[in-house]
Every structure is written in structure tokens, then in C-alpha cells.
Amino acid sequence: MTGQSQLARLGLFDARVPRYTSYPTAPHFGADVNQGHFTDWVRAIPEGSSISLYLHVPFCRHLCWFCACRTQGTQSEEPVRAYLETLKSELALLKDILPAGLTLSRLHWGGGTPTLMTGDMISELAGTVLDMIPMAEGGEFSVEIDPNEIDESRVKALADAGMNRASIGVQDFDEEIQKVIGRIQSYELTKDAADMIRAHGIDSLNADILYGLPHQTDARIAESVLKLLTLSPSRVALYGYAHVPWMAKRQQLIPTDALPAPEERLGLFDVARKLFMADGYKEIGIDHFALPDDGLAVKQREGHLKRNFQGYTDDTSDVLIGLGASSISKFPQGFAQHASGTSQYTTAVREGRFATVRGHVFTDDDRLRARLIESIMCNFHIDTAEILRDFDITRLQLEAMYKKAADEFEGLPKITAEGFTLPKEAYPLTRMIARSFDAYDLSKAGHSSAV
């Protein structure tokens, strides 16, 4: 790995850059995209295609202080039940405009806490979706599960509906850290949830864990990772905690003086990384790990790994439709995002329209740069022949873009006749190097730490 002095000189420990789960990133979405675009883009999906569908459930029993997601707290079932009815109404609106013969390559429920829904609600929602669009052969139905909000009846409802991948948030098993971030979830509770899920025949298990949390040390993150490894997750996302209290007000409850310095964050990541690698996991991109037979590892070996709003994905569908408050859809034509507020979203659907309020229409330059950035984020390499084949750009123009990026990072990225490659020692700089291919003004939003 490149020495810390060089990483510091290149600005790694001071930079704030996008995670590049999309290009352009969400802060550059504008109000010129509306429900008319969403409707037209859905109707333009080729008949018989396989698409992805994301459903957002924004409710949580308790709001974790570390979380920057669009969520709201509730102690009762009533708001969740009402929201379910709105989702079903939006699905009916979608059904009216869907082309014929579509199937689902991926169905994902996120939040929030989708498992705040009762077993009968889960069955009702899944039935509504799958009666409208069946799963494709080999399709994946995944759900984000809070171990604090799961029981036998809900797992059974999910399994009966066809869920074949579960995603569990861990963050950290250390009790002091859990108290400071407002997320109490013991190892025993998490293990019980994992065992319950697997007892219903669901073997694919994702887990999220964070580095860079307050009071986190090398020893503490190592202990949490070792506990997580006893659960044998199929894949793990090792995310850096993004402390953005100007965007997520609840993060103001987290003491900033307890947060590790950027240099310490890099050390925490490396401790966790080495433990996952030692246990046989394959390193996927900049922050994921997967067992060798998991879909992410397979797609990485094939060179078909992709990136979306959930991070790295093995889904190759060109269309992702997002439903629910704040959800984002991606079409070949652009991005479309629904209103963030539940009330605004609900009002739109009750009026018989989609709640799309912002988005972005792709330009040819967007498509080119999106491919370049995704290639760096997924493969640490840009294939020149592939870019020249798929885009209207000359070798001279492309290599000028390569040179600009390489020069910004002291020649660490390597330029050859085959393309642009990041050596392993440059991997910590991946998001910063990707930024070199970003044509948009990054001052529009405060992004998270580059490490």
C-alpha cells in the first residue's frame, strides 16, 4: 500500500468526495425531471425485458443516530399500514403503464425498516408486486432486516413470498459504541436472527459493518469482525461512517471528539480488510467482500460487476424502478427521484400521479463519464478498446482524460495502450481518482470523507 506520507500529500486525509453510487450524483439532480419523464421512461422499457424494482419503507421503531437515510420514527402500526396502502396504490399506477412481459431480475425492499411490517402486510405487499411482475429465472428478492424487528411470523412470510437474500445491518458489536451511535443490537440477537433466516431455507446473507465510528479502535473493530465472521455472511459491506451532521441532524448527537482521525480510519479499514481476506473472502471493489461463490465475486471475475445506490451489485438490468418516498429510479434516459417527504409522496399517489419531483436527463458526456467512473470503482481499470467501441470519442481525447487524472496523482495510475489502471497501492485513492473524471461542480454538496 502507498505510504501514509504520500497519501497525505495527495490529499486523502482531507478530501471529501462522492461515493459514486451514481453519476451524476444525487446533489446534481434538478427539478426539470418530473412525473411525465418517469411515465414516459417506464413506457419506453422494451417488452419482455427483465428489470429491477426497489421499494422504500421509510419507518423505523427507533432512529439510529449514525444513520443519514431518509427515515422517520413510529411506535405504532398505523402509519406503516397506511403507507402500505399508498405503496399498493402506486404499484397499481405502475401496472397501468408497464409494457407487456416484464420480469424482475431483482426485487429489493429497503428503508428504514421494511420488517416493521407485520407478516400479513409482508404477504400482501409481496403478492401485489409479484402478481404484477413475476420474478425472472434466477431472480433475487432481498430485504433489509433489523434483528430488533424480526420474528418467526415475519421471516416465514418473507420466505413464503420468495425472499432468497437477507441483508442485516450490524455496524459494530461493541456495547459502548452501540450506545454512542444509538443502535443497541447484541451479537446474540443478531445470531438468532441469522439462524432464524437460514432455518427457513434462505442461505444468502448480506451484512453491513462500519469503520470510523466513535471510540472505535483496531482491537474493537477486530473483535466485531471476528464475531461477524462466525455468522458466515455471503457478502459484507465495510462502509466508512459518513459523519455529515449538516445533512443528517440526528448525527449532532454523536460526539465529534470521539471520532477517529482520517489516518486512523484507514487503519481501521485495513484491520477489518485483512480479517475478511484471511477468512477466504474476495475483495470486491473498494469496500465489499464476498465468498468466492457469491454473485458479486462471480461477476467480478467475469468483469461484469456494477455499482448502484446499494453499493456493488451483480444485477445487470438497464432499468431500476424505485417506488416509495425518496426512492430513485434509473432508466437509460436518466434518473428520477420521488419526493422525500412521506406526506408529499402520499398526496401525489392519492391524486393518481407519481411523486417524481427531481432527477437528471443523461447527456452523451454523462454516459461516457459514468462508464469511466464505474469502471474505476468496480475494476480499478478502464478498457480503452471498450470505450472507443461504445462511445463517440477518439483515442487522443480519451488518453488526454487519462493523463489529466494520472498527473493529479503523481503518476500512480498507469496508462498503457490497453487502458488506464490503478495499481493496488492506489486503491485507497479510488474515489478521488474517479473524481478526476467527474465534470460536475463538487462544491454543491458536502460529501463524506475520502477514507
Using the beta-carbon distance between Lys424 and Glu399 and R0 = 22 Å, what value does 1/(1 + (r/R0)^6) give for FRET efficiency, to the nearest 0.05? 0.45
At 0.36 nm per residue, and after removing the present C-alpha to C-alpha distance, how many nm does the segment from Asp279 to Lys306 gain when stretched out fully? 7.3 nm
Which entries of Lys88/Lys249; Lys306/Lys330; Lys179/Lys227; Lys282/Lys424 have Cα-Cα distances beyond 20 Å here? Lys88/Lys249
With the 8 Å Cα cutoff and a minimum separation of six or more residues, the chain has a relative contact order in percent of 22 percent
With +1 assigned to the C-beta of every Lys and Arg and -1 to the C-beta of every Asp and Glu, and no other charges, what is the dipole magnitude of region 355-451 about the Cα centre in debye, to the nearest 20? 240 debye
For the chain, with only Lys/Arg (+1) and Asp/Glu (-1) charged at the beta-carbon, what is the dipole magnitude about the Cα centre, in debye rounded to 20? 740 debye
Within 14 Å, Cβ to Cβ, of Leu422, how many net charges do the neighbouring residues add up to if Lys/Arg are +1 and Asp/Glu are -1? -3
Restricting to the chain, compute how many DSSP beta bridges are antiparallel as a %, nearest 5. 45 percent
Going by the alpha-carbon gyration tensor, a ≥ b ≥ c the square roots of its eigenvalues, is region 1-110 rounded (a/c under 1.5) or, if a/c is not under 1.5, prolate (a/b greater than b/c) versus oblate? oblate
If I model a spin label as a point 7 Å beyond the Cα along the Cα-Cβ vector, how far apart are those points for Val361 and Asp390 in nm? 2.3 nm
Environment charge at His62 (Cβ cut-off 14 Å; Lys +1, Arg +1, Asp -1, Glu -1): +2
Fewest Cβ neighbours within 10 Å first, please rank Cys64, Cys69 accordingly. Cys69, Cys64
Mind jotting down the three principal axis lengths of the chain based on Cα atoms? Whole angstrom, largest first. 58, 51, 40
Put +1 on the Cβ of every Lys and Arg and -1 on every Asp and Glu Cβ in region 27-361; which of Gly303, Pro233, Ala336 then has its Cα farthest towards the positive end of the dipole? Ala336
In nm, the gap between the two label points placed 7 Å beyond Cα toward Cβ at Glu78 and Arg353 is 2.9 nm
Region 2-84: trypsin sites (Lys or Arg not before Pro) in DSSP coil with no more than 15 other Cβ atoms inside 10 Å: Arg61
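Each value in this text was obtained by applying a stated rule to the coordinates, not by laboratory testing. All of these numbers come straight from a predicted model, not from anything done at the bench. Neighbour counts are summed over all protein chains in view; Cβ atoms, including those assigned to glycine, are modelled from backbone coordinates with ideal geometry.
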